[in-house]
Amino acid sequence: MTNDLTIAKALNQALRTAMEEDSKVLLFGEDIGKLGGVFRVTDELHKDFGDHRVLDSPLAESGIVGTAIGLAMRGYRPVLEIQFDGFVFPAFDQIISQLAKVHRRTNGSVKLPITIRIPYGGGIGAVEHHSESPETFFTHIPGLRVLTPSDPQSAYSCLLSAIRSNDPVIFFEPKRRYWDKGFVDRTESPVDPWRARIVRTGSDVTVVAYGPMVKTALQAANASEYSLEVIDLQSLSPLDDRSIADSVERTGRLVIVHEAPGNLGLGAEIAARIGKSCFYTLEAPIERVTGYDIPYPPSKLEEHYLPDHDRILVAVDSAMEA
Amino acid sequence: MTTAPQPQNPAVQLLTPEGELVTHESYSLDLTHAQYKSLYREMVFVRRLDQEATALQRQGELGLWASSLGQEAAQVGSAFALEKNDFAFPTYREHGVAWMRGVDPMKIMEVYRGISNGGWDPLEHRCNSYTIVIGNQVLNGVGYAMGCTLDQSEDAVITYFGDGATAQGDVNEGFVFASTFDAPVVFFCQNNQWAISQPSEKFVKTPIYKRADGFGFPGVLVDGNDILAVIAVTKAALDRARSGAGPTLIEAFTYRMGAHTTSDDPTRYRHENDLQNWKLRDPIERLKVMLARNGIADRNFFDAIDIDADAWAHTLRAAVRSMGEPAPESIFDNVYADSHEALDAQRAAFLDYHEGFADSGVQS
């Protein structure tokens, strides 16, 4: 049996592992039962675990999150699927007003170990509301943790950690990378999801990316005349800025890449933190390569919105020539 | 001049506003004399709590208070119907429910004094923290009830909300989810007829209890100021839930005799005559008349309870006024369940900052 899995299959395997190790883990979401979810991430799990572990929900996102809070109060560990990024907003109220605050409000009595899986990002030629990158809304909220994997190994390790976490975790899945294949070690956890990891070493410029943009950053590193160190954040909240700073201490240059609009995006926070901690090491202004500050465009135009490796290379050149 | 809307037929009633016991074709209640007297005592104490808290807010001891005045029968009666292991999901006005679930009123005071956002431990009392965002708790309660089903237990849930909340998506999604999963939950709507300044007749075009039809479960209208009818109807709905038959919507028709909160001024939007009309339907008075008329209790009993309640209120007031405050650095506590280095670092920096003022004698 090969250990090469797609990201979708690695996520599926992580769900299976979590359900096998803890009978309180249950899956809840739209069309996740017999259909296996619109991206098939829950494929076969309904058949193998049954109606009481894999529950098809009515078509109402606030209802999914709101009832999951009650299930967690009853001792369950729900893993929710929001079908697409742009459909999480009806659940925003329950996430912000209840999910993120209940542990604090109850002085630690009520734990809400809920994972909310959300396929996110563009590049699949979809209609409106199916290509968004809303992660910053959640990283801004105390009480939530936010994870996003970039390859099959991190998908497997991050999702298991999210489910095992006693805190609510918003788990963003890079939907256009669902079918990318890679090696997955399931015997141990070689990846610490709460730490940024260096996915390619280099000496000239540190390129920080996460989720779908990690692959794009690696493409840029392959094409660049300079030596790029590519960092995959994995955890967007908390943010592992120490690992970024360690890298920037060596390279002296930083380019941050994300699909979400640049204005007040994660790049701004990272730039502020690294601007302070690496002020005397930086040899060039910190560069950001992000989506534009516009609503996500129609699919025929999305290539102009999405950061690609050329835009990263321009930013790298700019950093090198500063 | 407007007159107070009366509960339409078929509001279930077992005790008339005049204190007469009446029968109902579907609902009855058999309580001991001791239980009747106990219910009276609970309602008097809940009203005294409300009165004291309102005064404490006026004196600057509480930041805010949401009055439960006039809704004692709906709250005490519905909570009386619960079993120990059932779980209640209140709004911020259900002081009678919290009281009946054994929550220390000082913990309620903590919330309105600004000491804590939750007060009590929901799991200990099987009574959720007060939920302030209108309607959120309905979905949380339905989810808890779904868990009861998955556990194959006989526990049931009651979730509270007002007439205003029936406009919220979460309440309607709660109806759908409960119906889909046959969740053992009782939706207890206190129609107190006012969503702050908006009369419910303006946004309730179909009686609230009738909406249950559209979601596929029964709805029942009860005189919310008749504690006996409230108990009977709630018990029946809880029994139905436990049997696996699914949810029930109860509309308890009552009246918010006070303001929305201490920040509100109802004289701007409603007529004084309304209040006078509803005083004639007072939930405590009608039980008192019944107890006296049937020889269950006498004047000595009522006077003794009043004296007890006053003495207790004095103790409560003193305790509120001398309530301590948590340590400043506790603002960082319990944001996360698992360890969180970044927040630990913020706490340490916060303590360092305050420590810096220690030598100078300057108040930070």
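Annotations for the structure displayed:
- B:ASP352 away from chain A (no Cβ under 13 Å), open to solvent by 80 Å² or more (accessible area, probe 1.4 Å) and more than 30 Å from A:ARG195 (Cβ to Cβ): no
- Residue match in region A:159-182 (condition: at pLDDT below 95 and more than 14 Å from chain B (Cβ to nearest Cβ)): no
- Qualifying positions in region B:120-143 - touching a Phe, Trp or Tyr at 6+ places or on another chain (Cβ under 8 Å) and open to solvent by 10 Å² or more (accessible area, probe 1.4 Å): B:ARG126, B:ASN128, B:TYR130, B:ILE132, B:ILE134
- Of the residues making up region B:302-326, those that are assigned to a loop (DSSP other than H, G, I, E, B) and among the small types (Gly, Ala, Ser) are B:SER322, B:GLY324.
- Region B:285-301, residues that are polar (S, T, N, Q) and either part of a helix (DSSP H, G or I) or in contact with a Cys (Cβ under 7 Å, 6 or more places away or on another chain) (or both): B:ASN300
- The number of residues in region A:163-191 that are of a type in the set (Asp, Glu), surrounded by fewer than 16 Cβ atoms within 10 Å (Cβ to Cβ) and in contact (Cβ under 8 Å) with a residue 40 or more places away in the chain comes to 1.
- Total residues in region A:10-56 satisfying the condition of being farther than 18 Å from B:LEU150 by Cβ, within 13 Å of chain B (Cβ to nearest Cβ) and not charged (D, E, K, R): the figure is 0.
- Scanning region B:200-223 for residues that are over 16 Å from B:ALA252 (Cα atoms) and open to solvent by less than 40 Å² (accessible area, probe 1.4 Å) gives a single hit, B:PHE217.
- Filtered residue count, region A:24-55, keeping only those that are of a type outside the set (Lys, Arg), assigned to a loop (DSSP other than H, G, I, E, B), farther than 26 Å from A:LYS215 by Cβ and free of Cβ contacts under 8 Å to residues at least 24 places away in the same chain: 4
- Filter result for A:ILE95 (at pLDDT 95 or above, assigned to a strand (DSSP E or B), crowded, with 20+ Cβ neighbours inside 10 Å and more than 10 Å from chain B (Cβ to nearest Cβ)): no
- Residue list for region A:73-92, restricted to those being more than 8 Å from chain B (Cβ to nearest Cβ) and either polar (S, T, N, Q) or not in a loop (DSSP other than H, G, I, E, B) (or both): A:ARG77, A:PRO78, A:VAL79, A:LEU80, A:GLU81, A:GLN83, A:ASP85, A:GLY86, A:PHE87, A:PHE89, A:ALA91, A:PHE92
- Matching option when the condition is small (Gly, Ala, Ser) and open to solvent by 10 Å² or more (accessible area, probe 1.4 Å), among A:GLY29, A:GLY123, A:GLY36: A:GLY123
- Any hit, region B:145-160, residues being surrounded by 24 or more Cβ atoms within 10 Å (Cβ to Cβ) and of a type in the set (Phe, Trp, Tyr): yes
- A:GLN153 satisfies every condition listed in (1) within 14 Å of another protein chain (Cβ to nearest Cβ); (2) within 29 Å of A:GLU21 (Cα to Cα); (3) in a helix (DSSP H, G or I) except (1).
- Only listed residue being modelled with pLDDT of 95 or more, more than 14 Å from chain A (Cβ to nearest Cβ) and touching a Gly at 6+ places or on another chain (Cβ under 8 Å), chosen from B:ARG321, B:ARG293: B:ARG293
The values are calculated or read from the model by the stated rules, or taken from the named source; none is laboratory data. Keep in mind that what you see is a predicted model, and the values were worked out from it rather than measured. FYI the Cβ positions are ideal-geometry reconstructions off the backbone, even for glycines, and counts take in every protein chain you see. Just so you know, the surface numbers come from the protein's heavy atoms only, side chains and all, with ligands and any DNA or RNA stripped out. Shrake-Rupley method; radii C 1.70, N 1.55, O 1.52, S 1.80 Å.
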